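Visitor: Just dropping this structure here.
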Amino acid sequence: MKKCTLLLLCAVACHTALAQNTKPRISAPNRVVVVTTADSTAFRLTPTDTLQFRPFGQPFEYEPCIFVDPSKSLQTFVGIGAALTDASAETFAKLPADKQEAFMQAYFDPNTGIGYSLARTNIHSCDFSSGSYTYVEEGDKDLKTFSVAHDEQFRIPFIKKAIEAAGGKLPLFASPWSPPAWMKDNNNMLQGGKLLPAFYQSWANYFVRFIKAYEKQGIPVWGLTTQNEPMAKQTWESCMYTAEEERDFIKNYLGPTLHRHGLKNKKLIAWDHNRDLVYQRAATILSDPAAAKYVWGVGFHWYESWTGAPTPENLKRVMEAFPKTNLLLTEACNYPFSWETIDQWHWGENYGTSMISDFNNGAVAWTDWNILLDETGGPNHVKNFCFAPVHADTRKGSLHYMNSYYYIGHFSKYIRPGAKRIICSSNRAQLQTTGFRNPDGTIAVVVMNAGKTKVNYKVYVGGQAVEVVSLPHSIATLLLN
């Protein structure tokens, strides 16, 4: 009897120890390093303070506070990056060698730069190309003439340099803006139109050819989107799909074709358009098991905010209905371009507000639009000129860093792939916040103040806190050790 009791006690003790070991204990931090970017200062991703945590009691309601709970883990972070377009590649090629090297380090080095860990590119031409082009000759339904030789001049070398600068690994997803004109009902790559049913299979095969051609060039393709902005008739390359049409193209053609050719590991991303219609599109596709089994995530853009109707909580609705899907922002930029307004502070704040909101509403990744543009906001073959976080003046061979570069860096530099979002709660609307626990255990909390006034606030972790100063029109990353 005593032997049985002893064995039972040992088993209970072992089970308890195992249970405790499977849930990591989060120890209270002892200090925080504050990194700041602020208007009307020289602070640009600048370490500005090191503070010690100490015990504080119950906060009063008049005290501005950020409450951080690292014990609550949410979505897993995939990465932050930008689009490596024709326009970016052509602009990069015009820079002197020392500026090219500085550019690559500024974006992709996690120590001296902001550590981009994700990228996007276009499948043949988009608006940010010097002209329209495809990879096949007119009417080649069987894709016998398929070739990415066009991209070998600028884009492929540019992407290879980015991969190298990122340490040899840079997940890349690809998006088409339009099928070839002869595959569409308007016989035009521009101005919307629809993919003709007779070419559904040819177009699905085109994706496979692109992936394999790029991978033959030494550029791994991590994922793809079905169609850039499928509900926008644009003056540039564009193609329209209703939710049902996209669902059926994925279910009957693109998904099966990828699987048939050994590409089922590629991350297929649906929608790739604004947040305003994201729930309707996601529900239509993900409610159909035959389509949903091929879909890794739902991509979205931020441009509905520019019409005065931002709808960030639509992302939360998707997560509530389809908690296993992955949400990621696949495109965002400020526009229209003007060199005279390039240093206005609100450009960076647009990024900070969106990134905090998108991550808090479930996004796992965030991809800016063009990583680099020239002094005109291009090149762009339809004069759709936009801002990029970094602009090259190709006349002078110089680089200009917008404040948006630094705002993005407050996330991309300190939140690394594999991080888990944690609870960060603010009791003041002026202090927007989100936070992640990195795989190495470090915690990065981002706090943005878009207001005109300084705010003194406390950051609480459990019963301990530090007192922090948030400057007007600033963003800070708090690194909790």
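Visitor: If you find the alpha carbon centre of the stretch 297-325 and of the stretch 183-250, how far apart are they in angstrom?
Guide: 22 Å
Visitor: Quote the relative contact order of the stretch 78-414 in percent (integer), defining contacts as alpha-carbon pairs under 8 Å separated by 6+ residues.
Guide: 21 percent
Visitor: Going 7 Å from the Cα of Gln105 along its beta-carbon direction, which residues of the stretch 163-188 have the amide nitrogen within less than 20 Å of the resulting point?
Guide: 163-169
Visitor: Okay, next question. State the answer as a single residue: which of His391, Ser470, Ala450 lies farthest towards the positive end of the charge dipole of the chain, with beta carbon charges of +1 for Lys and Arg and -1 for Asp and Glu, about the Cα centre.
Guide: The Cα lying farthest towards the positive end belongs to Ser470.
Visitor: Around Ala419, which amide H atoms from residues at least 5 apart in sequence, or from another chain, sit under 5 Å from its own amide H, with H modelled in the peptide plane?
Guide: Here Phe77 satisfy the definition.
Visitor: Given the rule -39500 (n - 2.57) for each run of at least 4 DSSP H residues, summed and divided by the residues of the chain, what is its mean residue ellipticity at 222 nm, to the nearest 500 deg cm²/dmol? Spell out each step's value before the answer.
Guide: Numbers: 12 runs with 129 residues, N = 481.
Computed ellipticity for the chain at 222 nm equals -8000 deg cm²/dmol.
Visitor: Do you know the relative contact order of the stretch 259-375, to the nearest whole percent, from alpha carbon pairs under 8 angstrom that are 6+ apart?
Guide: 26 percent
Visitor: Would you mind checking the pairs Lys264/Lys316; Lys324/Lys420; Lys94/Lys396; Lys141/Lys216; Lys266/Lys413 and listing those with alpha carbons more than 20 angstrom apart?
Guide: On the way: Lys264/Lys316 27 Å; Lys324/Lys420 15 Å; Lys94/Lys396 10 Å; Lys141/Lys216 22 Å; Lys266/Lys413 26 Å.
With Cα atoms farther than 20 Å apart: Lys264/Lys316; Lys141/Lys216; Lys266/Lys413.
Visitor: Work out the length of the dipole vector of the chain about its Cα centre, built from +1 on the beta-carbon of each Lys and Arg and -1 on the beta-carbon of each Asp and Glu, and round it to the nearest 20 debye.
Guide: Using Cβ point charges on Lys, Arg, Asp and Glu, the chain gives about 2040 debye.
Visitor: Given Cβ point charges of +1 (Lys, Arg) and -1 (Asp, Glu) and nothing else, what value in debye, to the nearest 20, does the dipole of the stretch 223-318 about its Cα centre take?
Guide: 460 debye
Visitor: Say each of His400 and Lys194 gets a label point 7 Å from the Cα, pointing the same way as Cα to Cβ; how far apart are those two points in nm?
Guide: Between His400 and Lys194, the label points sit 4.4 nm apart.
Visitor: Right, another one. Mind checking the full-extension length gain between Asn427 and Trp306? Use 0.36 nm per residue of separation minus the Cα-Cα distance, one decimal, nm. Show your work: numbers first, answer last.
Guide: Numbers: separation 121, 0.36 × 121 = 43.56 nm, distance 2.72 nm.
Stretched fully, the Asn427-Trp306 segment lengthens by 40.8 nm.
Visitor: Follow-up. Need one number: the % of Cα-Cα pairs in the chain sitting beyond the 44 Å mark.
Guide: Everything past 44 Å amounts to 17 percent.
Visitor: Still on this structure, please answer the following. What dipole magnitude, in Debye to the nearest 20, does the stretch 147-267 give about its Cα centre under +1 on Lys/Arg Cβ and -1 on Asp/Glu Cβ?
Guide: Magnitude of the dipole: close to 440 debye.
Visitor: Further question on the same structure: Identify, among Leu268, Tyr407, Gly139, the residue whose Cα sits farthest towards the positive end of the charge dipole of the chain, taking +1 on the Cβ of Lys and Arg and -1 on the Cβ of Asp and Glu, with the dipole about the Cα centre.
Guide: Leu268
Visitor: How large is ³J(HN,Hα) for each residue in the stretch 223-237, as worked out from phi by the Karplus curve 6.51 cos²θ - 1.76 cosθ + 1.60 (θ = phi - 60°), to whole Hz, x for Gly and Pro?
Guide: Using θ = phi - 60°, the values come out as x, 7, 10, 5, 6, 5, 6, x, 10, 10, 7, 10, 6, 10, 4 Hz.
Visitor: Here's a follow-up. Using θ = phi - 60° and the Karplus relation 6.51 cos²θ - 1.76 cosθ + 1.60, list the HN-Hα couplings for the stretch 293-309 in order, rounded to whole Hz, with x at every Gly or Pro.
Guide: Taking θ as phi minus 60°, the curve returns 5, 8, 9, 7, x, 10, x, 8, 10, 10, 6, 5, 5, 6, 8, x, 10 Hz for the stretch 293-309.
Visitor: Taking only C-alpha pairs under 8 Å that are 6+ residues apart, what is the relative contact order of the stretch 349-428 in percent?
Guide: 22 percent
Visitor: May I pose another question? Can you list which of the DSSP-assigned H helices in the chain have a Cα extent of 27 Å or more along the long axis and an average Kyte-Doolittle score of at least -0.5?
Guide: In the chain, the long hydrophobic H runs are 2-22.
Visitor: Given H placed 1.01 Å from N in the peptide plane, which residues other than close sequence neighbours of Asn274 have an amide H under 5 Å from its amide H?
Guide: Residues meeting the amide H criterion: His301.
Any read-out appearing in this document is the output of simple, stated calculations on the displayed coordinates, not a laboratory observation. No experiment lies behind these values; they were computed from the predicted model shown. Because the Cβ atoms are built from the backbone with ideal geometry, glycine has one as well, and the counts that use them run over all protein chains shown.
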